[in-house]
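**Student:** Please find one structure pasted underneath; my questions will follow.
The values are calculated or read from the model by the stated rules, or taken from the named source; none is laboratory data. Computed from a predicted model, the values in this text were never measured in an experiment. Using ideal geometry, Cβ is built from the backbone for each residue, glycine included, and neighbour counts are taken over all protein chains shown. Protein only, heavy atoms only, side chains kept; ligands, DNA and RNA dropped before computing areas. Shrake-Rupley method; radii C 1.70, N 1.55, O 1.52, S 1.80 Å.
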Amino acid sequence: MVKVRAMRTLENAMWRWGFHRVAGCDEVGRGCLAGPVVAAAVVLDPDRYIPGVCDSKMITAVERERLYGVITRKALGWAVASAAPTEIDEINIHRASLQAMRRAVMALAPLPDVVLVDAFRIPDLLIAQRGVPHGDRRCSAIAAASIIAKVTRDREMLAHHAADPRYGYDRHKGYATADHLAAVARYGYSALHRRSFKPQSTLFDTIE
């Protein structure tokens, strides 16, 4: 995959229009079989450009960790929030993702003037917002949020692996890879697994 640097075109337009604190918001973990969905909101400083910010999926784990440190030092504000597997099962992954994003935005202090959201609009958010299709590749604030969310979630999944290494969370971070499905077939679901996510596979024939 070719790395594409996210631009500040949308943020620059918002700053020109008088919005001073422009937040980007994104989430990670929607498609996972285990673990939370994690969202982040980031308000970048227009006077402190951060080179290399792009969609978190397009860079290595080492580069994400480096950028995480730079973003958290240079941003005007940032926050993370999540929705646990039990909440995902209760209200569905789409609504849980939106809830996590809303929580991340509302955890910013002070609150932003406007929010740029990857793909969607966040319901019940009493702040100006704009959904940006493919925002994590187009918008630097959203890309920064994707990096913060990804690093935060990966660190959590590594902690879960240390507590219970049977499922191999250090390798797949909860996604439904072949070795993860094989581990679930052998050990069953753990408290970290989303009961509403059941891949159609013969590996699950013996799982209730």
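**Student:** List the DSSP H helices in the chain whose Cα atoms stretch 30 Å or more along the helix axis and whose mean Kyte-Doolittle hydropathy is at least 0.0.
**Tutor:** 140-163
**Student:** For the chain, what number results from the quotient of the Cα radius of gyration and 2.2 N^0.38 Å?
**Tutor:** Ratio of Cα Rg to 2.2 N^0.38 Å: 1.05.
**Student:** Please tell me the relative contact order of the range 2-140 in percent, rounded to the nearest whole number, where contacts are Cα pairs under 8 Å and at least six residues apart.
**Tutor:** 33 percent
**Student:** Along the charge dipole of the chain, pointing to its positive end and built from +1/-1 on Cβ of Lys, Arg, Asp and Glu, which listed residue (V53, Y175, T152) has its Cα farthest out?
**Tutor:** V53
**Student:** Rounded to the nearest 0.05, what FRET efficiency do D47 and M7 give with R0 = 22 Å and r taken as the Cβ-Cβ distance? Could you check?
**Tutor:** E between D47 and M7, to the nearest 0.05, is 0.85.
**Student:** Counting only protein heavy atoms and using a 1.4 Å probe, what share of the accessible area of the chain belongs to carbon plus sulfur, as a whole percent?
**Tutor:** C and S fraction of accessible area: 55 percent.
**Student:** What does the accessible area per residue of the range 11-56 come to in Å², with a 1.4 Å probe and no ligands, DNA or RNA counted?
**Tutor:** Result: 33 Å² of accessible area for each residue.
**Student:** Lys/Arg Cβ at +1, Asp/Glu Cβ at -1, dipole of the chain taken about the Cα centre: which of N92, S140, L125 is farthest positive-ward?
**Tutor:** S140
**Student:** Mind checking which aspartates and glutamates have their Cα closer than 20 Å to the Cα of K150? Skip sequence neighbours fewer than 8 apart in that chain.
**Tutor:** Partners found: D26, E27, D55, E63, E65, E87, D118, D136, D170.
**Student:** Treating only the Cβ of Lys, Arg, Asp and Glu as charged (+1, +1, -1, -1), what charge dipole size does the range 84-163 show about its Cα centre? Round to the nearest 20 debye.
**Tutor:** Value, rounded to 20: 280 debye.
**Student:** Considering just Cα atoms, how many Å³ per residue does the convex hull of the range 1-79 enclose?
**Tutor:** 111 Å³
**Student:** Something else now. For the chain, modelled as a GNM with alpha-carbon contacts under 10 angstrom, which of V184, V37, V22 fluctuates the most?
**Tutor:** In the Gaussian network model the winner is V184.
**Student:** Between L158 and R30, 0.36 nm times their residue separation minus their Cα-Cα distance comes to what?
**Tutor:** 44.3 nm
**Student:** Report the equivalent ellipsoid semi-axes for the range 80-131 in whole Å, largest first, defined as the square roots of five times the eigenvalues of the gyration tensor built from alpha carbon atoms.
**Tutor:** 21, 12, 8
**Student:** Something else: Gap in Å between the Cα centre of the range 120-138 and the Cα centre of the range 53-102?
**Tutor:** 14 Å
**Student:** Also, I was wondering about something else. Could you do me a favour and compute the accessible area per residue for the range 80-208, 1.4 Å probe, result in Å²?
**Tutor:** Roughly 49 Å² per residue, with all protein chains present.
**Student:** A follow-up question, please. Restricting to the chain, compute how many DSSP beta bridges are antiparallel as a %, nearest 5.
**Tutor:** 60 percent
**Student:** Then there is this: Which whole-number percent is the relative contact order of the range 1-82 (Cα, under 8 Å, 6+ apart)?
**Tutor:** Value for the range 1-82: 35 percent.
**Student:** Something else: Hey, if you drop one equal point scatterer on each alpha-carbon of the range 90-175 and run the Debye formula without solvent, what base-10 log of I(q)/I(0) do you get at q = 0.14, 0.18 Å⁻¹?
**Tutor:** Cα-only, vacuum Debye calculation for the range 90-175: -0.60, -0.89.
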